[in-house]
Amino acid sequence: MGKISKREFIVMTWERLGAGRIGRKKLRAVQNALAKEFGASQSPASIARMLSDAGAELNHPEIIEFDAKWREAQLELEEKKFRGIEDLFRTERLTLARAEELIDRMETLRREFERHEDEQALAQLRRAAVEARTASQALAKDRTLAASIRAEQSELAEWLRVWIQTPALLADWLELRRRSPDFRNKFLTKTSS
């Protein structure tokens, strides 16, 4: 027998559970079996739709409540993935010291997401870096800020550009950048705020 589709697997699992009316308990059993077989979770509502198409009678209030709780748990899992880089999502300016901590954390996350082949999380991480770079560039152009702050934000935008383009090279690039006379004159002669 060839490989079966998710839809076929869902219906077969429901039938093995005795078919009948679908509520939270049966839906959870199908969802768990599906995750075990295919390696990814699927929303209770989407499973219920497939089962409804196969003739299952649905206990709508239970399914809606179960699906809402499942989606809430999924959002919490996504939030946990990005713990430690929350400051990237804020509009306040970052110091170079804080930015370096965040970029180190981003690099750790990037390697972890690559190891787990989590393309969606990688894309989201990259978008966060692009947005942080855009914010730094805007602050670098803000003439109401002190020149030292604008220079720091311009420097941060450059760090983020390098990370976005070649993340694995950032640590080496940053080490060389810090040794440059330009960096030393701008940032090591005075304390960054």
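The values are calculated or read from the model by the stated rules, or taken from the named source; none is laboratory data. Worth saying up front: this structure is predicted, and the values here are computed from it rather than measured. Positions of Cβ are backbone-derived with ideal geometry, glycine not excepted, and every protein chain shown enters the neighbour counts.
Mind listing whichever residues of the range 1-26 are under 17 Å from Trp70 (Cα atoms) and out of contact with any strand residue (DSSP E or B) (no Cβ under 9 Å at 6 or more places or on another chain)?
Keep residues of the range 1-26 that are under 17 Å from Trp70 (Cα atoms), which gives 22-26.
Listed by number, the residues that qualify are Arg24, Lys25, Lys26.
Among the residues of the range 63-105, those that are at pLDDT below 80, farther than 22 Å from Ala135 by Cα and among the basic types (Lys, Arg) comprise Lys80, Lys81. For the range 39-51, the criterion of being outside the structural domain of Ala135 (by TED's automatic domain parsing), exposed (fewer than 12 other Cβ atoms within 10 Å of the Cβ), of a type outside the set (Asp, Glu) and without any contact (Cβ under 8 Å) to a residue 40 or more places away in the chain is met by at least one residue. Selection of the range 119-160 for residues being more than 17 Å from Arg98 (Cβ to Cβ) and either in contact with a His (Cβ under 6 Å, 6 or more places away or on another chain) or buried (at least 19 other Cβ atoms within 10 Å of the Cβ) (or both) yields only Leu125.
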